[in-house]
Amino acid sequence: HRALAANPKLWEVLDLHEMKKAGERLISALSLARYRHLKVVNLEFAQDIEDRHFLRLKETGAILLEELEFLNLNACQKISDTGIGAATSLCPNLRALSIYWIVGLTDASIEHVVKNCKQIIDLNMSGCKNISDRGIQLVADNYQGLQKLDITRCIKLTDDALQKVLEKCSALESLNMYALSSFTDKAYTKIGYLGNLTFLDLCGAQPEPN
């Protein structure tokens, strides 16, 4: 047990996806010194994870996941903008964040992300239907080195916001705009700015006439 606990490489990933009582499990794990060098936390479809769990971690003041690179909160429906604020405050060096299908999130979540995490290069906002142009413009203004972006079913976005992303985030390698019909050819033509693009998903994205 001592040998295993002393090997930091064994404790770089905390995978609680689809688990019950994930919030309490997360708090218990992060109370252990061996998890202080985490690089990945996966809470995808985890049950019983709520704002209060991240708020409790933040309020202790003793936990800062400085080495965490990827946080997966996909479909954690009990997480609100408040929870996103608390969660991202714990991991200032985060490089990838996935908040797929947390439908209650708003632009306030993106405000928290850009304030707390300056090094994001991979952002999945798929299904976040309440994020608007304001949120995506914050992404464009703060993450010009962004490499992967998923805005599937972000139905409040307009041409203006997409054009700003395509102009400012010219390092994008992967862009997913599945099932979006709110954009016109005026915005789509700006995809030509993305010289590094290797993946593009426009399935179901029927452009509206100008």
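The values are calculated or read from the model by the stated rules, or taken from the named source; none is laboratory data. Predicted, not measured: the structure shown is a model, and the values here were computed from it. Positions of Cβ are backbone-derived with ideal geometry, glycine not excepted, and every protein chain shown enters the neighbour counts. In case anyone asks, the SASA skips ligands and DNA or RNA and just uses the protein heavy atoms, side chains included. Shrake-Rupley method; radii C 1.70, N 1.55, O 1.52, S 1.80 Å.
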**OP:** Find all pairs meeting these conditions: Cβ atoms under 8 angstrom apart; at least six residues apart or on different chains; first residue within the stretch 137-154 and among the acidic types (Asp, Glu); second residue outside any helix (DSSP H, G or I) and open to solvent by 40 Å² or more (accessible area, probe 1.4 Å).
**Re:** ASP150/TYR100
Subject >> Close pairs (9 angstrom Cβ cut-off, 6 or more residues apart or separate chains): in contact (Cβ under 8 Å) with a residue 12 or more places away in the chain and over 14 Å from LEU123 (Cα atoms) in the stretch 84-96, of a type in the set (Phe, Trp, Tyr) and assigned to a helix (DSSP H, G or I) anywhere >> reply: GLY85/PHE54; ALA86/PHE54; ALA87/PHE54; SER89/PHE54; LEU90/PHE54
Original post:
Residue check: is ARG56 buried (at least 17 other Cβ atoms within 10 Å of the Cβ), basic (Lys, Arg) and either assigned to a helix (DSSP H, G or I) or touching a Phe, Trp or Tyr at 6+ places or on another chain (Cβ under 9 Å) (or both)?
Top reply: no
**OP:** May I ask you to say which residue of THR152, THR184 is of a type in the set (S, T, N, Q), at pLDDT below 95 and open to solvent by less than 30 Å² (accessible area, probe 1.4 Å)?
**Re:** THR184
Subject >> Among (1) within 16 Å of the chain's Cα centre (by Cα); (2) free of Cβ contacts under 8 Å to residues at least 12 places away in the same chain, the one test that THR60 misses >> reply: (1)
**OP:** Would you mention how many residues in the stretch 60-95 are in a helix (DSSP H, G or I) and modelled with pLDDT under 95?
**Re:** 1
Original post:
How many residues does the stretch 96-132 hold that are open to solvent by less than 30 Å² (accessible area, probe 1.4 Å), part of a helix (DSSP H, G or I) and out of contact with any Asp or Glu (no Cβ under 6 Å at 6 or more places or on another chain)?
Top reply: 4
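Quick grid of which residues meet (1) surrounded by fewer than 21 Cβ atoms within 10 Å (Cβ to Cβ); (2) not in a helix (DSSP H, G or I):
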| residue | (1), (2) |
| --- | --- |
| GLY135 | no, no |
| GLN163 | yes, no |
| LEU172 | no, yes |
| LEU175 | no, yes |
